[in-house]
Amino acid sequence: MIVSPSFLTADFMNLEAEIRSISFSQWLHFDVMDGRFVPAYTYNQEIVRMAKSISRQYFDVHLMIEEPEKAVAAYAEAGADLITFHLEAAADPGVLIRQIKGMDVACGISIKPGTAVEELLPWIDQVDLVLVMSVEPGKGGQAFLNNALDRIRFLADYRKANGLKYWIEVDGGINRTTIAGVKEAGADVVVAGSFIFSRTDRKAAIMELENA
Ligand code: DX5
Ligand code: ZN
């Protein structure tokens, strides 16, 4: 299982040390919030640019923002390897997917828990990744929503039945209890924030999820 640690619940007064403390994982998850698509506001592409100077990980940028088409170029230029936008926020998902991939950046599409997974189908063969939210986006430390498991299964079955290759990533409430069901349902990548940042030994926490 690929683990993409989210530093949303990290100590932002010591962000460099916090990011270094999760350098063990292959991926690094950036939770970008604009205070409009979700109530919280976090940071912009400058954090991606600064993190690039201390990390060689795969930069997995999760845009929880309105009008993502206006922001993707800045994140690509700052060093994103993958940019995931929300279906609910995109004016024209097809145009946005081409815009992201045209900048040689991998493209992900995400749905909130209340969005039907079938709404992804018109674009699912064009993206590199589908991000299933297993919590309501906007903050860390929430409980895993079990309806995510059926959505993961649907996406894994659909991928196999149609010979597609997108990654399935799951984000929210991932811990030592929920990881087994998510893996069994067919996820390839899990985002984990509070499970990792609640522990002093972050490497052990990451390894626990990687080897689940
Ligand atoms: C929530 C973010 C998630 C969150 C995960 O809007 O997209 O990435 O940080 O945090 P935990 O693992 O604490 O649920
Ligand atoms: Zn996220």
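Some notes on this structure:
- Whole-number accessible area per residue in Å² for segment 1-116, which is evaluated in the context of all protein chains at 1.4 Å: 40 Å²
- Annotation note: trypsin sites (Lys or Arg not before Pro) in segment 15-49 located in DSSP loop regions with a Cβ neighbour count of at most 15 within 10 Å are 36.
- Each of 64, 10, 155 was scored by the projection of its Cα onto the charge dipole of segment 2-210, and the greatest displacement toward the positive side belongs to 10; charges sit on the C-beta of Lys, Arg, Asp and Glu.
- Scattering profile of the chain at q = 0.11, 0.13, 0.18 Å⁻¹ [log10 I(q)/I(0), Debye over alpha-carbon scatterers]: -0.46, -0.66, -1.36
- Each peptide in 95-104, 128-137, 179-188 receives the mean, over its residues, of other Cβ atoms within 10 Å, and ordering these scores from highest gives 128-137, 179-188, 95-104.
- Charge dipole of the chain (Cα centre as origin; +1 on each Lys and Arg Cβ, -1 on each Asp and Glu Cβ, all else neutral): 440 debye, rounded to the nearest 20.
- Under 19 Å, Cα to Cα: Lys pairs in segment 2-210, sequence gap 8 or more or different chains: 5
- Overall, the accessible surface of the chain at a probe of 1.4 angstrom is composed of carbon and sulfur to the extent of 52 percent.
- Over the Cα atoms of segment 1-111, the radius of gyration divided by the Kirkwood radius equals 0.95; this is the Rg/Rh ratio.
The values are calculated or read from the model by the stated rules, or taken from the named source; none is laboratory data. All of these numbers come straight from a predicted model, not from anything done at the bench. Using ideal geometry, Cβ is built from the backbone for each residue, glycine included, and neighbour counts are taken over all protein chains shown. We work out accessible area using only protein heavy atoms, side chains counted, and drop any ligands, DNA or RNA first. Shrake-Rupley method; radii C 1.70, N 1.55, O 1.52, S 1.80 Å.
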